[in-house]
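Peer 1: Pasting a structure below so you can have a look.
Every read-out reported here was derived from the displayed coordinates using simple, explicitly stated rules and does not represent laboratory data. Note that the structure is predicted; figures quoted are calculated from it, not measured. We place every Cβ from the backbone using ideal geometry, glycine too, and count neighbours over all the protein chains shown.
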Amino acid sequence: MQIIVNATFLINTIRIKSELLQLIQLSTIKNVAEEIQNELGIEIDNYNIEILQNESGSIDLSNDKKQRLSSTDVSLLNTGHKHRKKCILVSDDLLLKNTAYENNIKCYTTPEFMAFLLKKGTINKNQCITFLNNLKKIYIRTRDIDKILKRIERW
C-alpha cells in the first residue's frame, strides 16, 4: 500500500523527531517537498520519501468550498486519485480529507493513520502512543488524538 502524505504530516513528524520516517516508505509530490523546504529549510531528500509526479485533472471540484483548496492540495488529490486502488492519503486538512472521500480516495488524519499502522502491525502500541503523545504538543485538534488514544486502550 502506497502512503501519500501532505506537508503538515511531514512537518509535524519531522518536528517531533519521530522514527516513523525511517520505519515506513512514504510518498509525496514535488509541491509538498518544496513547501517543507520553504517552511522548515529541510530537504526531504534526507528521509526515505519517494517523490511522485504531480497529477492533474481527475477529481471533482464542483463545490464552492472545494475551490479553497490550494494547488498543492489539488495535486495531492489528483495523485491520490490516480493511485486510489493502492494508496492511502494522509492529511489533517479536513476539506482535503472530505474531498478525497467524495472522490473514492482513502484518506486518514495523522492520528487515524497511526491507529491504522498499529492495527496492521507496522508499529507497536508503545511506538503509536509515544508518537501521538508527542504530536499532541503541536497538533491542531488534540481531541482527535484523545479519541484515538482511548480507542487504542481497548485494543
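Peer 1: Give the relative contact order (percent, whole number) for the chain; include only Cα pairs under 8 Å separated by 6+ residues.
Peer 2: Relative CO of the chain lands at 22 percent.
Peer 1: Using the beta-carbon distance between ARG68 and ARG15 and R0 = 30 Å, what value does 1/(1 + (r/R0)^6) give for FRET efficiency, to the nearest 0.05?
Peer 2: Here the calculated transfer efficiency is 0.75.
Peer 1: Let me ask something else about it. For the chain, build the charge dipole from Cβ charges (+1 Lys, Arg; -1 Asp, Glu) around the Cα centre, then report which of THR122, THR72, GLY41 sits farthest towards its positive end.
Peer 2: Towards the positive end, the residue furthest out is THR122.
Peer 1: Let me ask you something else. Would you mind ranking ARG15, ARG154, ARG84 by Cβ crowding within 10 Å, fewest neighbours first?
Peer 2: ARG154, ARG15, ARG84
Peer 1: With a 10 Å Cβ neighbour count serving as the proxy for reagent exposure, in which order, fewest first, do THR110, THR8, THR130 appear?
Peer 2: THR130, THR8, THR110
Peer 1: Straight-line reach only, C-alpha to C-alpha below 24 angstrom: list the lysines that LYS119 could link to, leaving out same-chain residues fewer than 8 apart.
Peer 2: The reachable lysines, counting only those whose Cα sits under 24 Å from LYS119, are LYS17, LYS85, LYS86, LYS97, LYS106, LYS136, LYS137, LYS147, LYS150.
Peer 1: Let me ask another. Order these by the 10 Å Cβ neighbour count, fewest first: MET114, MET1.
Peer 2: MET1, MET114
Peer 1: So what's the angle, to the nearest 10 degrees on a 0 to 90 scale, between helix 30-40 and the longest Cα principal axis of the chain?
Peer 2: Roughly 50 degrees, rounded to the nearest 10.
Peer 1: Starting from the 7 Å offset along Cα-to-Cβ, what nm value, one decimal, do you get for the label separation of ASN126 and ASN54?
Peer 2: With each label point 7 Å from Cα toward Cβ, the separation is 4.3 nm.
Peer 1: With Kirkwood radius over Cα pairs in Å in mind, check (i) 15.8; (ii) 17.0; (iii) 25.2 and report the label derived from this structure.
Peer 2: Matching the structure shown: (i).
Peer 1: Can you tally the net charge around HIS83? Count Lys and Arg as +1, Asp and Glu as -1, for every other residue whose Cβ sits under 13 Å from the Cβ of HIS83.
Peer 2: +3
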